[in-house]
C-alpha cells in the first residue's frame, strides 16, 4: 500500500518545486486556488503529476489523490498485477498514465515491543509501529506510477497509485509497495504508444529505507 509520500522542494529536490509551480499555475486557472501540496501528502490532497498533455508534451498538472467511490471512500491504490484484466481499469491504464514526483514514500512496520515513532495520531495507534522513508537506490528523482481519470463532479483529474509485490530487500515491512520509477526509466511509463507491461518491468526493485519520525504536515 501507499498511503503517504513526501514532497521536498528545496536543495536537491528543486526540480519538484518547478513542477509544483507549474501545477499550481494550472490549478489557479481552473479553480482560482493554489493548494498543490508539499511536505507530507495524504489521500484527498492535490499534488503535481506529470502527464502527456493535449499538445503531446509532458507537463505538470494538478491532480487529486484518490478515485471517488459511490460510498464516499477513496481508491488511493490500484494493483498493477490485475489492472489490465479489469474492464473498468484497462482503458485508463492504457490511455491515462501519470507519474507523481516525490522525495520518498512512507511505509509502516508493525513490530511488537517497540514504541511508535508516529505519535498518538498515527493510523492503527493500538499497535506499535515504525515508519520508514523509502526511495530507490538509483540516484536522481523518483516517481510513483499512477493512473488518472476525470470524474463528472470534479474540476481536477483524480489519480490512483499503482502497487506491486514488495521488493525483496524491504519485504519485512509489508507485502506490497508502489510502482516506483527512477529518472532513467520514467519516460517509458508516459509514452502513449508504450507497452504497459514492458514499462512495468523497468520499475525500480532495489530500494533504500531508513526509519524516520513523522515528517512535517503538508502545507
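The values are calculated or read from the model by the stated rules, or taken from the named source; none is laboratory data. None of these values were measured; they are calculated from a predicted model. Glycine also receives a Cβ, built like all others from the backbone with ideal geometry; neighbour counts cover every protein chain displayed.
For segment 68-94, the set of residues classified as over 20 Å from residue 44 (Cβ atoms), assigned to a helix (DSSP H, G or I) and in contact (Cβ under 8 Å) with a residue 40 or more places away in the chain consists of 80, 81, 83, 93, 94, listed by residue number.
A search for C-beta distances below 8 Å between a residue of segment 5-17 that is closer than 18 Å to residue 133 by Cα and any residue that is part of a helix (DSSP H, G or I) and modelled with pLDDT of 85 or more, counting only pairs 6+ apart in sequence or on different chains, returns 7/16; 7/20; 8/16; 9/16; 9/17; 9/20; 10/17. Any residue at all in segment 203-218 that is at pLDDT 95 or above, under 28 Å from residue 88 (Cβ atoms) and more than 16 Å from the chain's Cα centre (by Cα)? So far as segment 203-218 goes, no, none of its residues is at pLDDT 95 or above, under 28 Å from residue 88 (Cβ atoms) and more than 16 Å from the chain's Cα centre (by Cα). Cβ-Cβ contacts under 6 Å between residues 6 or more apart (or on different chains), taken from a first residue in segment 97-122 that is at positive phi and surrounded by fewer than 16 Cβ atoms within 10 Å (Cβ to Cβ) to a second residue that is at pLDDT below 50 and part of a strand (DSSP E or B), are absent.
Residue count for segment 45-71, restricted to those that are within 16 Å of the chain's Cα centre (by Cα) and over 23 Å from residue 13 (Cβ atoms): 2. Residues in segment 43-57 that are outside any strand (DSSP E or B) and either at positive phi or at pLDDT 95 or above (or both) were compared, and the one that is surrounded by the fewest Cβ atoms within 10 Å (Cβ to Cβ) is 56.
Do the conditions hold for residue 133, that is, is it within 17 Å of the chain's Cα centre (by Cα) and either surrounded by fewer than 20 Cβ atoms within 10 Å (Cβ to Cβ) or over 30 Å from residue 32 (Cα atoms) (or both)? For residue 133, the condition - within 17 Å of the chain's Cα centre (by Cα) and either surrounded by fewer than 20 Cβ atoms within 10 Å (Cβ to Cβ) or over 30 Å from residue 32 (Cα atoms) (or both) - is met.
Considering only segment 1-37, state which residues are within 30 Å of residue 175 (Cβ to Cβ) and not in a strand (DSSP E or B). Hits for segment 1-37 are 1, 2, 3, 8, 13, 16, 37. Among the residues making up segment 19-48, those that are in contact (Cβ under 8 Å) with a residue 60 or more places away in the chain and in contact with a helix residue (DSSP H, G or I) (Cβ under 9 Å, 6 or more places away or on another chain) are 37, 38, 46. The residue of segment 102-116 that is nearest to the chain's Cα centre (by Cα), among those that are in a loop (DSSP other than H, G, I, E, B) and modelled with pLDDT of 55 or more, is 103.
Consider residue 91 carefully, then state whether it is surrounded by fewer than 18 Cβ atoms within 10 Å (Cβ to Cβ) and closer than 15 Å to residue 148 by Cβ. Considered against the rule, which asks whether it is surrounded by fewer than 18 Cβ atoms within 10 Å (Cβ to Cβ) and closer than 15 Å to residue 148 by Cβ, residue 91 comes out as yes. Evaluate the following for residue 62: is it buried (at least 16 other Cβ atoms within 10 Å of the Cβ) and assigned to a loop (DSSP other than H, G, I, E, B)? Answer is no for this residue.
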